[in-house]
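Written out below as structure tokens is the structure these notes cover.
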Amino acid sequence: MNGVRFVIGDKYLNMLEAVGEVVPNAKYQRCIVHFCRNVFSVTPRFKFKRVFKILKVVHAQESKKASERWAEL
């Protein structure tokens, strides 16, 4: 594979290893859909709306620094 600079995935261990071997210079980012599914799989039902709103705001931030203030909620 040539020219690959960015890979999005579900953080599956075998995929992470393969990306590192096949395209070692590519940046890796976890898929937001898979991330949210993992978060909601351990979130109590009564907190879904609050957690959803927080995730939505964090995801909309333009920088890591801007999103860090939401980590304490």
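The values are calculated or read from the model by the stated rules, or taken from the named source; none is laboratory data. As the structure is a prediction and not an experimental result, all values here were calculated from the model. All Cβ positions, glycine included, derive from the backbone under ideal geometry; neighbour counts span all protein chains shown. Ligands, DNA and RNA are excluded from the accessible area calculation, which covers all protein heavy atoms including side chains. Shrake-Rupley method; radii C 1.70, N 1.55, O 1.52, S 1.80 Å.
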Kindly give Rg over Rh for segment 10-73, based on alpha-carbon atoms, with the Kirkwood expression for the hydrodynamic radius. 1.07
Phi-derived 3J(HN,Hα) across segment 26-36 with the Karplus relation (6.51, -1.76, 1.60, θ = phi - 60°), rounded Hz, x for Gly and Pro, is 7, 7, 10, 9, 6, 5, 5, 5, 5, 4, 5
Report, in deg cm²/dmol and to the nearest 500, the calculated mean residue ellipticity at 222 nm for the chain, where each DSSP H run with n ≥ 4 adds -39500 (n - 2.57) and the sum is divided by the residue count. -15000 deg cm²/dmol
When only C-alpha pairs under 8 Å and at least 6 residues apart count, what is the relative contact order of the chain, in percent? 25 percent
Are there trypsin sites (Lys or Arg not before Pro) in the chain that DSSP puts in a loop and that have at most 13 other Cβ atoms within 10 Å, and which ones? ARG5, LYS11, ARG69
Answer with one residue from CYS31, MET15, PHE48: the one whose Cα lies farthest towards the positive end of the charge dipole of the chain, charges on Cβ with Lys, Arg +1 and Asp, Glu -1. PHE48
Would you mind getting the accessible area per residue of the chain, heavy atoms of the protein chains only, 1.4 Å probe, in Å²? 89 Å²
If amide H atoms are built 1.01 Å from N in the plane of the peptide, which residues on other chains or at least 5 residues away come under 5 Å of the amide H of ASP10? CYS31
Quick one: how many Å² of LEU16 are accessible to a 1.4 Å probe, rounded to 10? 60 Å²
